[in-house]
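Q: Before I ask anything, let me first share the structure, which is written out below as structure tokens.
The values are calculated or read from the model by the stated rules, or taken from the named source; none is laboratory data. A quick note: this is a predicted structure, and the numbers were derived from the prediction, not measured. Cβ placement follows ideal geometry from the backbone for every residue including glycine, while neighbour counts extend to all protein chains displayed.
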Amino acid sequence: MRRVSVLGLCCVLLLATIPALAGDYYALTPQRIAPDTFVFEGELEAFDFDNHGAVVNTGFIVTADGVVVIDTGPSRLYGQAMRAAIAQVTDQPVVGVYITHAHADHFLGNNAFADVPIAALEATAATIDTAGKQMARHLYDRIGAAMRGTSAVVPNKIVDLGSDGQARVDYGDRYLRLIATAGHSPGDLMILDERTGVLFAGDVVFNERAPATPHGDIAGWLHSLDEAAASGFRIVVPGHGPVAYDDAPLGQTGDYLRWLMHRFEQAAERGDSAAELMFEPLPARWAALAVQPAEYRRSVGYLYPALERATLSSRPD
């Protein structure tokens with residue numbers, strides 16, 4: 001008779017309970033935004049133990065060839081809840097996943113989709129491979145038990161791009177244009193459904209929430225917004241915030257980033273320290289955004305020191 005260790009049996013029992021636990025942490029309701037196109041809209045908050053990290057927009061498209069998923073959320077349980085919610089909409093199988101970029105809330109649900117191709121840009125896959133475990137540990141500290149069973153699953157398919165940084169993939173009668181950019185992160189993938197005009201913009205676009213800038217290259221990010229605007233979309237799904245039927249979120253995101261850098265440049269010219277800059281009050285327009293002033297202060301910590309050093313080094317002795 002084969003012996004099973006107590007540890008092994010505990011692991012088996014834990015994995016068996018994960019699908020049932022998903023509903024305890026995530027009540028995901030698909031929001032239909034276009035024919036056969038759905039979004040799970042996240043909370044306009046920072047990660048915490050109460051929201052279990054469900055602050056990101058994820059989505060799916062039902063095609064004649066199966067379901068295409070865009071981003072998998074912050075945890076294995078979230079991914080499991082996604083699959084359960086998708087099954088309530090269609091009996092089509094999930095045939096592919098696209099990860100927009102390598103930030104934890106967008107890819108740590110990959111565990112729940114390990115049986116299908118998970119595609120991403122090369123820079124995204126490389127970041128998840130090298131830093132995914134650390135990101136998972138950090139998110140566990142922020143949201144706790146909702147992370148059980150979660151590990152950093154590296155995408156197993158690299159998006160094959162043309163010379164213009166774009167590609168087109170067909171799923172039945174749906175034609176998806178994949179647009180590779182960088183700026184919010186080293187690799188940002190936007191997905192445009194050419195039939196419906198829905199653009200899944202990832203964190204290139206925020207709406208009514210302060211943009212997060214831990215890996216931001218502002219010049220590149222502004223260029224990414226130009227690419228989003230030129231895509232011909234009719235509906236935009238931001239990485240965070242409400243779905244929009246116009247280009248207002250693109251304008252809001254761009255205006256915020258330009259304001260942020262202008263403030264930093266002025267502060268550096270004055271010789272202000274990061275501590276002085278961090279607690280300056282925000283203009284009313286930007287103070288009204290969700291997750292402020294926390295995101296502004298994070299941006300000071302992430303972006304200002306390099307600008308401050310560059311300004312000082314450019315001055316004559």
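Q: Any residue in the range 118-145 that is at positive phi sitting within a Cβ distance under 9 Å of a residue that is at pLDDT below 95 and surrounded by fewer than 22 Cβ atoms within 10 Å (Cβ to Cβ)? List the pairs, counting only those 6 or more apart or interchain.
A: Close Cβ pairs satisfying both conditions: G144/F49.
Q: Can you tell me which residue within the range 171-204, out of those that are touching a helix residue (DSSP H, G or I) at 6+ places or on another chain (Cβ under 8 Å) and over 15 Å from V237 (Cβ atoms), is surrounded by the most Cβ atoms within 10 Å (Cβ to Cβ)?
A: Within the range 171-204, the subset touching a helix residue (DSSP H, G or I) at 6+ places or on another chain (Cβ under 8 Å) is 179, 181-190, 199, 201-204.
This time we only want the ones that are over 15 Å from V237 (Cβ atoms), so: 181-183, 185-187.
Values: T181: 25, A182: 20, G183: 23, S185: 28, P186: 17, G187: 23.
Filtering the range 171-204 for residues that are touching a helix residue (DSSP H, G or I) at 6+ places or on another chain (Cβ under 8 Å) and over 15 Å from V237 (Cβ atoms), the one surrounded by the most Cβ atoms within 10 Å (Cβ to Cβ) comes out as S185.
Q: Still on this model: What are the residues in the range 205-223 that are farther than 12 Å from V237 by Cα and among the aliphatic types (A, V, I, L, M), if any? Give the steps one after another, and end with the answer.
A: Start the filter on the range 205-223 by keeping residues that are farther than 12 Å from V237 by Cα, which leaves 208-223.
Matches in the range 205-223: A210, A212, I218, A219, L222.
Q: How do the pairs read when you match residues in the range 218-243 that are on the phi > 0 side of the Ramachandran plot with residues anywhere that are among the polar types (S, T, N, Q) and not in a helix (DSSP H, G or I), using Cβ under 8 Å and keeping only pairs 6 or more apart or on different chains?
A: Taking only residues 6 or more apart or on different chains, the pairs are G241/N57; G241/N207.
Q: I'm checking my understanding of the structure. Among residues of the range 88-107 that are buried (at least 24 other Cβ atoms within 10 Å of the Cβ) and of a type in the set (A, V, I, L, M, F, W, C), which one is farthest from L176 (Cα to Cα)?
A: Just the residues of the range 88-107 that are buried (at least 24 other Cβ atoms within 10 Å of the Cβ), to begin with: 97-107.
Now narrow it down to the ones that are of a type in the set (A, V, I, L, M, F, W, C): 97, 99, 102, 104, 107.
On the way: V97: 12, I99: 14, A102: 21, A104: 24, F107: 20 Å.
Among those that are buried (at least 24 other Cβ atoms within 10 Å of the Cβ) and of a type in the set (A, V, I, L, M, F, W, C), it is A104.
Q: Do the conditions hold for G232, that is, is it modelled with pLDDT of 95 or more and either in contact with a helix residue (DSSP H, G or I) (Cβ under 6 Å, 6 or more places away or on another chain) or under 25 Å from A102 (Cα atoms) (or both)? First the steps, then the outcome.
A: Working: modelled with pLDDT of 95 or more: yes; either in contact with a helix residue (DSSP H, G or I) (Cβ under 6 Å, 6 or more places away or on another chain) or under 25 Å from A102 (Cα atoms) (or both): no.
No, not satisfied.
Q: Right, another one. In the range 117-143, how many are out of contact with any Pro (no Cβ under 9 Å at 6 or more places or on another chain), within 15 Å of H101 (Cβ to Cβ) and either of a type in the set (A, V, I, L, M, F, W, C) or at pLDDT below 95 (or both)?
A: Qualifying residue count for the region: 2.
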